[in-house]
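The values are calculated or read from the model by the stated rules, or taken from the named source; none is laboratory data. The shown structure was predicted, so the numbers you read here are calculated from the model rather than taken from an experiment. Cβ: placed from backbone, ideal geometry, glycine included. Neighbour counts: every protein chain shown.
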Amino acid sequence: MPATRKTQSGELHLQFRLGPDRYALPASAVVEVLPRRPLKQLPEAPEWVAGLFEHRGRMIPVIDLPCRLLGQAARSRSSTRLVLVRFDARLGENSPVLGLLLEQATETLRLHPEQFVANGLEAVLPNYLGPVQKSAQGVIQRIEVDQLLDDALRAMLFRAGKD
């Protein structure tokens with residue numbers, strides 16, 4: 001996806017669903033959207049770590065986001081995608097790339113950053129569950145990619161990706 005452009009109509013986001021709920025990833029974090037691929041398993045990793053795959057000469061670790069958030073593995077459906085994201089936006093093009101298995105990840109939409117508001121449960125929810133925004137289709141929640149992994153898992157996955 002091209003870099004996100006801020007316009008009067010908002011920032012571009014990739015929309016996906018987890019169960020009945022809608023979520024969004026800023027397009028600026030998205031490197032590429034691929035169909036689901038076979039993955040090499042990572043023994044002893046948490047069950048929501050789906051594995052690794054080779055892409056353009058690099059090994060990319062993959063997280064099953066429905067499994068991480070809901071405890072249910074992503075279903076194999078025509079709308080299930082493997083979305084490559086920059087894990088650390090501060091590093092720009094040098095950021096490690098992380099794969100996310102996402103269901104119903106087939107649409108983009110423009111959202112105004114200033115219309116995202118705190119969800120009110122920040123003290124009890126994981127940091128990767130970001131602010132929310134109300135739209136005509138209901139509430140949508142932003143995923144904070146750089147908060148998906150703790151330091152130990154980040155070190156394990158990105159070290160594994162270099163082997």
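Of GLY130, GLY120, GLY161, all but one fail to be of a type outside the set (Ser, Thr, Tyr), modelled with pLDDT under 80 and farther than 27 Å from GLU44 by Cα; the exception is GLY120. Just one of the listed residues (LEU52, LEU39, LEU34) is over 22 Å from TYR128 (Cα atoms), of a type outside the set (Val, Ile, Thr) and in contact with a Gly (Cβ under 7 Å, 6 or more places away or on another chain), namely LEU39. Listed conditions (1) in contact with a helix residue (DSSP H, G or I) (Cβ under 8 Å, 6 or more places away or on another chain); (2) outside any strand (DSSP E or B); (3) at pLDDT 90 or above are all met by ALA3, apart from (3). Against the test of being touching a residue at least 60 places away in the same chain (Cβ under 8 Å), acidic (Asp, Glu), surrounded by 12 or more Cβ atoms within 10 Å (Cβ to Cβ) and in a strand (DSSP E or B), the options GLU11, GLU32 yield a single qualifying residue, GLU11. Filtering SER135, SER95 for residues that are at pLDDT below 85 and touching a Lys or Arg at 6+ places or on another chain (Cβ under 7 Å) leaves a single hit, SER95. One residue stands out in the range 40-65 among those that are out of contact with any strand residue (DSSP E or B) (no Cβ under 8 Å at 6 or more places or on another chain) and over 16 Å from LEU100 (Cβ atoms): the one that is surrounded by the most Cβ atoms within 10 Å (Cβ to Cβ), namely ARG56. Among residues of the range 86-100 that are farther than 14 Å from ILE60 by Cα, those with a Cβ under 8 angstrom from a residue that is part of a helix (DSSP H, G or I) and not charged (D, E, K, R), sequence gap 6+ or separate chain, pair up as ALA89/SER28; ALA89/ALA29; ALA89/VAL145. Within the range 37-65, the set of residues being touching a Lys or Arg at 6+ places or on another chain (Cβ under 7 Å) and not aliphatic (A, V, I, L, M) comprises TRP48, GLY51, PHE53. Between residues in the range 147-163 that are outside any helix (DSSP H, G or I) and residues that are buried (at least 18 other Cβ atoms within 10 Å of the Cβ) and at pLDDT 80 or above, which pairs lie under 7 Å by C-beta distance while being six or more apart or on different chains? Close Cβ pairs satisfying both conditions: LEU148/ILE63; GLY161/LEU52; GLY161/ILE60; GLY161/PRO61.
Number of residues in the range 66-96 that are of a type in the set (D, E, K, R), under 20 Å from GLN147 (Cα atoms) and surrounded by fewer than 20 Cβ atoms within 10 Å (Cβ to Cβ) equals 3.
Within the range 57-69, is there a residue that is basic (Lys, Arg), over 18 Å from VAL33 (Cβ atoms) and within 13 Å of the chain's Cα centre (by Cα)? Yes, the range 57-69 contains at least one residue that is basic (Lys, Arg), over 18 Å from VAL33 (Cβ atoms) and within 13 Å of the chain's Cα centre (by Cα).
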